[in-house]
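For reference, the structure discussed in these notes is given below.
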Amino acid sequence: AQTIHQWPVAEIKAVGSPLSLGCTIKGKSSPNLYWYWQATGGTLQQLFYSITVGQVESVVQLNLSASRPKDDQFILSTEKLLLSHSGFYLCAWSLQWGTEVFFGKGTRLTVV
Amino acid sequence: AQSVTQPDARVTVSEGASLQLRCKYSYSGTPYLFWYVQYPRQGLQLLLKYYSGDPVVQGVNGFEAEFSKSNSSFHLRKASVHWSDSAVYFCVLSAEGSNAKLTFGKGTKLSVKS
């Protein structure tokens with residue numbers, strides 16, 4: 001069975017500090033990977049997607065970056081956090097367009 | 001460009017009552033549509049999906065949805081709600097293309113009164 005694990009579960013970080021969120025997918029080779037962001041009480045926005053190792057496409061500019069160093073790993077990061085980065089970050093995967101997208105349990109980020 | 005509209009931000013129903021959550025989409029290509037549910041402080045779980053064929057699709061926990069191309073709609077229904085159905089429901093459209101970009105509606109928060 002496929003599993004998706006996100007870390008950390010929650011973070012409280014200071015404005016201007018760096019951030020790294022991670023996601024690992026087990027049980028599927030070469031999945032499409034995605035990062036989504038949900039502002040408190042808001043809908044979800046796709047931030048990045050990756051269809052293969054080393055290739056990441058940005059969908060929305062939020063002063064964040066993403067990398068896919070391994071087939072099963074997706075990293076979201078920034079060197080300098082803003083208050084506007086607060087929210088709920090979800091990693092997700094799918095096999096291809098039109099198929100179900102599976103979501104991790106998310107990371108709740110509070111920037112203070 | 002595609003969009004998804006969920007006109008009701010909040011819906012409150014009594015336990016045992018029927019439910020309909022509305023969803024309208026705008027997309028020029030072939031719509032692949034989903035309903036996801038988000039329980040408090042959790043990720044999203046798929047309720048059901050529509051690709052083609054029978055416009056009424058069955059999902060988990062007694063949910064079903066009906067696709068209407070003429071109305072550009074994909075409404076979610078349940079005959080009898082339970083208090084555990086209280087959650088936020090998202091209507092989602094998957095666009096064509098390799099990135100499988102999902103467009104989410106703003107969500108409808110369902111509260112079930114016992």
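The values are calculated or read from the model by the stated rules, or taken from the named source; none is laboratory data. Source: prediction; values computed, not measured. Every residue, glycine as well, gets a Cβ built from its backbone with ideal geometry; the counts of neighbours run over all protein chains shown. Heavy atoms of the whole protein, side chains included, go into the accessibility calculation; ligands, DNA and RNA do not. Shrake-Rupley method; radii C 1.70, N 1.55, O 1.52, S 1.80 Å.
Does A:Tyr49 satisfy being without any contact (Cβ under 8 Å) to a residue 60 or more places away in the chain, within 12 Å of chain B (Cβ to nearest Cβ) and among the hydroxyl-bearing types (Ser, Thr, Tyr)? I'd like the intermediate steps shown before the answer.
Values: without any contact (Cβ under 8 Å) to a residue 60 or more places away in the chain: yes; within 12 Å of chain B (Cβ to nearest Cβ): yes; among the hydroxyl-bearing types (Ser, Thr, Tyr): yes.
Answer is yes for this residue.
Being over 15 Å from B:Ser3 (Cβ atoms), aliphatic (A, V, I, L, M) and within 14 Å of another protein chain (Cβ to nearest Cβ) is the filter; apply it to segment B:88-114 and report the residue that is least open to solvent (accessible area, probe 1.4 Å).
B:Ala100
Does A:Leu76 satisfy the criteria of being away from every other protein chain (no Cβ under 14 Å), open to solvent by less than 60 Å² (accessible area, probe 1.4 Å), part of a loop (DSSP other than H, G, I, E, B) and in contact with a Leu (Cβ under 9 Å, 6 or more places away or on another chain)?
No: the conditions fail for A:Leu76.
Can you tell me which residue within segment A:87-112, out of those that are over 15 Å from A:Pro8 (Cβ atoms) and open to solvent by 30 Å² or more (accessible area, probe 1.4 Å), is farthest from the other protein chains (Cβ to nearest Cβ)?
Just the residues of segment A:87-112 that are over 15 Å from A:Pro8 (Cβ atoms), to begin with: A:92-103, A:112.
Right, trim to open to solvent by 30 Å² or more (accessible area, probe 1.4 Å) and you get A:95-97, A:99-100, A:102, A:112.
On the way: A:Leu95: 9, A:Gln96: 7, A:Trp97: 4, A:Thr99: 8, A:Glu100: 5, A:Phe102: 8, A:Val112: 19 Å.
The qualifying residue farthest from the other protein chains (Cβ to nearest Cβ) is A:Val112.
Scan segment B:20-38 residue by residue and report those that are in a loop (DSSP other than H, G, I, E, B) and farther than 21 Å from B:Ala79 by Cβ.
Taking segment B:20-38 and keeping what is in a loop (DSSP other than H, G, I, E, B), we get B:22-23, B:27-31.
Across segment B:20-38, the qualifying residues are B:Tyr27, B:Ser28, B:Gly29, B:Thr30, B:Pro31.
Determine whether A:Glu57 is more than 14 Å from every other protein chain (Cβ to nearest Cβ) and either under 19 Å from A:His5 (Cα atoms) or among the charged types (D, E, K, R) (or both).
On the way: more than 14 Å from every other protein chain (Cβ to nearest Cβ): no; either under 19 Å from A:His5 (Cα atoms) or among the charged types (D, E, K, R) (or both): yes.
Spelling it out, it is not the case that A:Glu57 is more than 14 Å from every other protein chain (Cβ to nearest Cβ) and either under 19 Å from A:His5 (Cα atoms) or among the charged types (D, E, K, R) (or both).
Can you find, within segment A:11-35, the residue that is farthest from A:Tyr49 (Cα to Cα) among those that are at pLDDT below 95, under 17 Å from the mean Cα position of the chain (by Cα) and open to solvent by 50 Å² or more (accessible area, probe 1.4 Å)?
A:Lys26
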